[in-house]
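Right, one structure below, let's go through it.
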Amino acid sequence: MPSRTLFDKIWDAHLVRPETEEAPAILYVDLHLVHEVTSPQAFTVLRERGLRVRRPDRTVATMDHSTPTLPRVNGRFPFAHGDAEAQVDTLARNCGDYGIELHALGSEKQGIVHVIGPELGLTKAGMTVVCGDSHTSTHGAFGALAFGIGTSEVAHVLATQCLLQRKPKAMLISIDGALPAGVSAKDVILAVIARLGVGGGAGHVIEYAGSTVRGMSIEERMTVCNMSIEAGARAGMIGSAEWGTDPGARFDKEAALDVSRLAPMITWGTDPGTAIPVDARVPDDAPEKPLQYMGVKRGAPLLGTKIDVVFVGSCTNGRLSDLRAAASVLRGRRIAEGVRTLIVPGSQQVKHAAEQEGLDRVFREAGAEWREPGCSMCIAMNGDSLTPGQAAVSTSNRNFEGRQGRGGRTFLASPLTAAAAALKGAIADPREVLR
């Protein structure tokens, strides 16, 4: 048998019917993750057509996007609006009607879908994983083929446990070198996206390899795979001991990155491909529209740019190691006056673990808000959002116009850089604080 990539192996192992010129391949799905935003219409399709859920035992749901991160008031969750509460109630009803396991708001296993999947042992090497959420690529860190699907596809998977797919191409990104102090996995993936561009991975599944990746913890690998979609890729993945690429396997496209001199990265524009070293200047050839929206100037440094909000959380950086990183900067210090800082754990389990370590006390004593688990300000549909004109340093994955609130301006960065910005009240270099 010829040498095969990790992607080829998983794809071939899940083929129900091969692709033809006339029709996509039919791919079997091992794990279908569901949340409250993209599932209501899918369940409506099932009811209208009289269909059942084909494999409820391979379907798991949680509540995360629309959920409030403030504690209950008089026993009730403080939803930002009626639509959010309706989405949560609808998911609970649908899961009950169709026998789907649900980790509901307030339960011990609730959290962001891409945090709890691996946390609960649902995600495993060699699996196919889908969810109605673009950042499903997070699960690729375990040697799985994981990607986001649309609402109509959610209905299709619920009904058939299969998916129609055209096979993407395979890309290899080799990342080598020891990470300098103050530089993290978030900086690595921002550097990758800046190198490839937001369309550089289009039509491909990216496999990450190299000495840097081999040295990463599983949570760091999750951060890298999470943002593969921001380079336009269909998915991102990293091999495991059991599932890996054969020596000599060929990729359709390859790239390499030496991170031994990488600096903390931060975005200046309105897409993740605009990342630059935190101590660099905005490019002289930067287009006008994102400059105007972000309130920055060509050739000007980002260091010292005033901010209003810091957000540490999301499926990109809401895990325990991310909270530890932020706490390492904030411990024994005070956040700058007037800078609202939200620290949002990715799950109930992350929250409890952080509290057992006393990280919540570190954050509160520094002047930050310690919140309940959820997507929070990553997507601004749950009550946590920027107001027009506010600037935020955020550990989330997207900085599109209005992503964190209408008229809000987002600078993407790592938990270390975000925490440093909170202390300074402006974009700051975490290396200076850590020294």
Check: Checking Pro68 against (1) closer than 30 Å to Met216 by Cα; (2) in a loop (DSSP other than H, G, I, E, B); (3) of a type outside the set (A, V, I, L, M); (4) open to solvent by less than 30 Å² (accessible area, probe 1.4 Å), which test does it fail?
Finding: (1)
Next item on the list: Could you please give the count of residues in region 243-272 that are in contact with a Leu (Cβ under 6 Å, 6 or more places away or on another chain), part of a strand (DSSP E or B) and over 20 Å from Ser184 (Cα atoms)?
Entry: 1
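State all residues of region 208-221 that are open to solvent by 20 Å² or more (accessible area, probe 1.4 Å) and either closer than 18 Å to Phe400 by Cα or touching a strand residue (DSSP E or B) at 6+ places or on another chain (Cβ under 6 Å) (or both); if no residue qualifies, say none. Reasoning before the result, please.
Initial filter on region 208-221 (open to solvent by 20 Å² or more (accessible area, probe 1.4 Å)): 209, 211, 214-215, 217-221.
Of everything in region 208-221, those that are open to solvent by 20 Å² or more (accessible area, probe 1.4 Å) and either closer than 18 Å to Phe400 by Cα or touching a strand residue (DSSP E or B) at 6+ places or on another chain (Cβ under 6 Å) (or both) turn out to be Ala209, Ser211.
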Notebook entry, point to check: Across region 71-80, what is the total count of residues that are open to solvent by 60 Å² or more (accessible area, probe 1.4 Å) and either in contact with a Pro (Cβ under 7 Å, 6 or more places away or on another chain) or outside any loop (DSSP other than H, G, I, E, B) (or both)?
Noted result: 2
Note to self: If Gly111 satisfies all but one of (1) surrounded by fewer than 18 Cβ atoms within 10 Å (Cβ to Cβ); (2) under 25 Å from Arg371 (Cβ atoms), what's the number of the condition it fails?
What the structure shows: (1)
Checklist line | Where Val224 falls short, out of the listed (1) open to solvent by less than 20 Å² (accessible area, probe 1.4 Å); (2) assigned to a strand (DSSP E or B); (3) within 18 Å of Ser134 (Cα to Cα) | finding: (2)
Notebook entry, point to check: Looking only at region 278-315, which residues are open to solvent by 30 Å² or more (accessible area, probe 1.4 Å) and either under 28 Å from Val115 (Cβ atoms) or in a helix (DSSP H, G or I) (or both)?
Noted result: Glu288, Lys289, Gln292, Tyr293, Asp308
Item checked: region 1-47: number of residues that are assigned to a loop (DSSP other than H, G, I, E, B), in contact (Cβ under 8 Å) with a residue 12 or more places away in the chain, within 20 Å of Ala125 (Cβ to Cβ) and of a type outside the set (Lys, Arg) -> 5
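Would you mind finding the one in Ala263, Ala256, Ala241, Ala275 that is open to solvent by 50 Å² or more (accessible area, probe 1.4 Å) and farther than 25 Å from Thr128 by Cβ? Give the derivation first.
On the way: Ala263 fails: open to solvent by 50 Å² or more (accessible area, probe 1.4 Å); Ala241 fails: farther than 25 Å from Thr128 by Cβ; Ala275 fails: open to solvent by 50 Å² or more (accessible area, probe 1.4 Å).
Criteria check complete, one pass: Ala256.
Residue by residue, here is whether (1) at pLDDT 95 or above; (2) out of contact with any Ser or Thr (no Cβ under 6 Å at 6 or more places or on another chain); (3) under 30 Å from Ile238 (Cβ atoms); (4) open to solvent by 40 Å² or more (accessible area, probe 1.4 Å) holds:
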position	(1), (2), (3), (4)
Met1	no, yes, yes, yes
Thr5	yes, no, yes, no
Asp8	yes, yes, yes, no
Trp11	yes, yes, yes, no
Leu15	yes, yes, yes, yes
Glu22	yes, yes, no, yes
Val37	yes, yes, yes, no
Pro56	yes, yes, yes, yes
Next item on the list: Only residues in region 159-172 that are over 28 Å from Ile193 (Cβ atoms) count as the first member; pair them with residues that are in a loop (DSSP other than H, G, I, E, B) and of a type in the set (Asp, Glu), Cβ under 9 angstrom, at least 6 apart or cross-chain, and list the lot.
Entry: Gln161/Asp30
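Does Arg49 count as closer than 19 Å to Gly99 by Cα, modelled with pLDDT of 95 or more and open to solvent by 40 Å² or more (accessible area, probe 1.4 Å)? Break it down stepwise before answering.
Details: closer than 19 Å to Gly99 by Cα: yes; modelled with pLDDT of 95 or more: yes; open to solvent by 40 Å² or more (accessible area, probe 1.4 Å): yes.
Yes: the conditions hold for Arg49.
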Next item on the list: Would you mind finding the one in Thr341, Thr387 that is open to solvent by 10 Å² or more (accessible area, probe 1.4 Å) and hydroxyl-bearing (Ser, Thr, Tyr)?
Entry: Thr387
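Take the residues in region 368-384 that are free of Cβ contacts under 8 Å to residues at least 40 places away in the same chain and more than 15 Å from Thr410 (Cβ to Cβ); name whichever of them is least open to solvent (accessible area, probe 1.4 Å). Spell out the reasoning first.
Step one: list which residues in region 368-384 are free of Cβ contacts under 8 Å to residues at least 40 places away in the same chain, which gives 369-370, 380.
Okay, now just the ones that are also more than 15 Å from Thr410 (Cβ to Cβ), so 369-370.
Working: Glu369: 63, Trp370: 29 Å².
Per the stated criteria, the residue is Trp370.
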Next item on the list: Filter region 81-108 down to residues that are of a type outside the set (Gly, Ala, Ser) and open to solvent by less than 20 Å² (accessible area, probe 1.4 Å), then give me how many there are.
Entry: 6
Item checked: In region 124-152, residue farthest from Asn397 (Cα to Cα) [restricted to those that are among the β-branched types (Val, Ile, Thr) and open to solvent by 10 Å² or more (accessible area, probe 1.4 Å)] -> Thr151
Margin query: For the list (1) assigned to a loop (DSSP other than H, G, I, E, B); (2) at pLDDT 95 or above, I need the number of the one condition that Ala380 fails.
Written below: (2)
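The values are calculated or read from the model by the stated rules, or taken from the named source; none is laboratory data. All values reported here derive from a predicted model rather than from experimental measurement. Virtual Cβ from ideal backbone geometry, glycine too; neighbours counted across all protein chains shown. Note: areas computed on protein heavy atoms with side chains; ligands, DNA, RNA excluded. Shrake-Rupley method; radii C 1.70, N 1.55, O 1.52, S 1.80 Å.
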